[in-house]
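Working notes for the structure below.
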Amino acid sequence: MISSFDIAKLHSLLKDFYQLTKIRITVFDDSFRELTSYPDEIAAIIVEPVAANMGVVPPKKGFLEGLRKLCSEHGSVLIFDEVITGFRLAFGGAAQYFGVTPDLVTYGKIIGAGMPVGAYGGRRDVMELVAPAGRVYQAGTLSGNPVAMAAGLTQLKYLYDHQEIYTELEKKGELLYGGMGKIVKEKGLNYQMNSDVGFTCQQLEKDEVYRIDNSKSSCTLFIIEGDVIFDLGKYKGLRILQNQMVFIPQNIGTRMKSITGSKCMLLFWDRNMSVCDKLFLGSLSVRGEDRTADNFILPVRKPLAEVLDSVGMYLEARLLCKHMHLLKQQELLLVLKGFYTKKELTAFFSASTGIRQRFEKFVMENYKKVNSVKEFADLYYVSERSFSRKFHSCFGESPYKWMQKKRAEQMLEMICDPELSFQEISGRLGFSSPSHFTAYCRRMYGMSPTQLREKNKK
């Protein structure tokens, strides 16, 4: 996507290139009409999932998904340039982070722990065309460099075993982001900061279908004008009218279709809300009789409408600082507490609280059955990143740290049981040998298993 220079001039140059080589190189505009105009001539689309040469520019909602759909429809190869995003956004890179699978992906020196190296991979049928399996020759001066490979494998193994790093990096990013916002606020500077949380407005045409990306946080949909048909998880075809609202839990697939021309507002909830707000939301019970499709939808009463009007005014004026979003979120919660009954709010948030309770139950019933975060995520049938994000929102820490604590508690409990031999404990907990078990105890508790058992007797 290029907007910083004359696209028409670039197309003219590429046309001349085509006349000379019969190779068509295309810079797509927003419509991607070139792909449909030349369906048999576009071999591949190469894209940075997150543009980075002019600042960090995340893709628009649906952009990567749209590319994936078009490439699949027209038989073109979708290539992700993950030289920057690979193993940084997530262990599986942007493909894992955004949930869009490319046909080919390229990596740079990240896989060599900073050493000069490059790599590519992709679909089996495509990769089998490369030598020695296929007829496409490839070679490189640094191919298989032993120093780069040793450094890269060491780093990648560490990242694989400690994927809580990505959660910690996200937390540090949010801390940096908040600190920058605080500084510019203190200086009285006019600024705009991008964030995954806060309020946004959407104007929908008649019959327009809109998918809500709530992969990073739960959100609330407010219908300001018009009405829409809405799908929320298992609830299909819900009709939401003007001045009504619905709560959407994180990672619940949602889509809506505008019946008439509609205007809606979305609030993507900040996870770092105040303790008071967390306690309030946590106090809402989950009663079966409250959990009906009709009760998911609440009216937007006058005090709440006034809050939304003020937010709309700020958005139109481009007053987009994070503090505005956070303050308005707190004001909105205050209005909910003051002008809606606890029964109404219980039903309204029940989709989220119910999911939370079921997830917590799943964790407590299964954590002894798995040995890694990856196994836990596989058991829950989600990606490691999605699992870690959901886990952190429920338990307040990374699944890796939590599992380490539980493992330590379980170990102490077993050590203190005189009926169990240390060899048996070592085997049950997955240690390769009793000596490794002993070394772990010394590292964790400063004592051998025997000393821990004797201490417990006293």
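So the values come out like this:
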{"read-out": "Any chance Lys343 is free of Cβ contacts under 8 Å to residues at least 60 places away in the same chain, within 30 Å of Tyr97 (Cα to Cα), charged (D, E, K, R) and part of a helix (DSSP H, G or I)", "value": "no"}
{"read-out": "Any hit, region 434-449, residues being more than 30 Å from Thr167 (Cβ to Cβ) and loosely packed, with under 14 Cβ neighbours inside 10 Å", "value": "yes"}
{"read-out": "All positions within region 111-139 that are among the β-branched types (Val, Ile, Thr), within 21 Å of Ala43 (Cα to Cα) and not in a helix (DSSP H, G or I)", "value": "Val130, Val136"}
{"read-out": "In region 140-165, the residues that are assigned to a helix (DSSP H, G or I) and of a type in the set (S, T, N, Q)", "value": "Thr154, Gln155"}
{"read-out": "Pick from region 30-64, criterion among the aromatic types (Phe, Trp, Tyr) and more than 20 Å from the chain's Cα centre (by Cα), ranking: modelled with the lowest pLDDT", "value": "Phe32"}
{"read-out": "Count of residues meeting criterion [assigned to a loop (DSSP other than H, G, I, E, B) and at pLDDT 85 or above] in region 223-259", "value": "6"}
{"read-out": "Restricting region 127-165 to residues that are within 30 Å of the chain's Cα centre (by Cα) and of a type in the set (Asp, Glu), the residue that is nearest to Gly114 (Cα to Cα)", "value": "Asp161"}
{"read-out": "Lys263 surrounded by 14 or more Cβ atoms within 10 Å (Cβ to Cβ), under 27 Å from the mean Cα position of the chain (by Cα), modelled with pLDDT of 85 or more and among the basic types (Lys, Arg)", "value": "yes"}
{"read-out": "Members of region 62-81 that are in a loop (DSSP other than H, G, I, E, B) and farther than 18 Å from Val126 by Cα", "value": "Gly62"}
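Conditions (1) assigned by TED's automatic domain parsing to the domain that holds Asp81; (2) modelled with pLDDT under 85, marked per residue:
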site: Asp103; (1), (2): yes, no
site: Arg124; (1), (2): no, no
site: Glu128; (1), (2): no, no
site: Pro132; (1), (2): no, yes
site: Pro146; (1), (2): no, no
site: Tyr166; (1), (2): no, yes
site: Leu169; (1), (2): no, yes
site: Gly178; (1), (2): no, yes
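Yes/no matrix, rows are residues, columns are (1) among the hydroxyl-bearing types (Ser, Thr, Tyr); (2) at pLDDT below 80; (3) touching a strand residue (DSSP E or B) at 6+ places or on another chain (Cβ under 8 Å):
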| residue | (1), (2), (3) |
| --- | --- |
| Leu379 | no, no, no |
| Val382 | no, yes, no |
| Ser386 | yes, yes, no |
| Lys390 | no, yes, no |
| Lys401 | no, no, no |
| Gln404 | no, no, no |
| Pro418 | no, no, no |
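The values are calculated or read from the model by the stated rules, or taken from the named source; none is laboratory data. Computed from a predicted structure; not experimentally measured. So basically every Cβ, Gly included, is an ideal-geometry build from the backbone, and we count neighbours across all protein chains shown.
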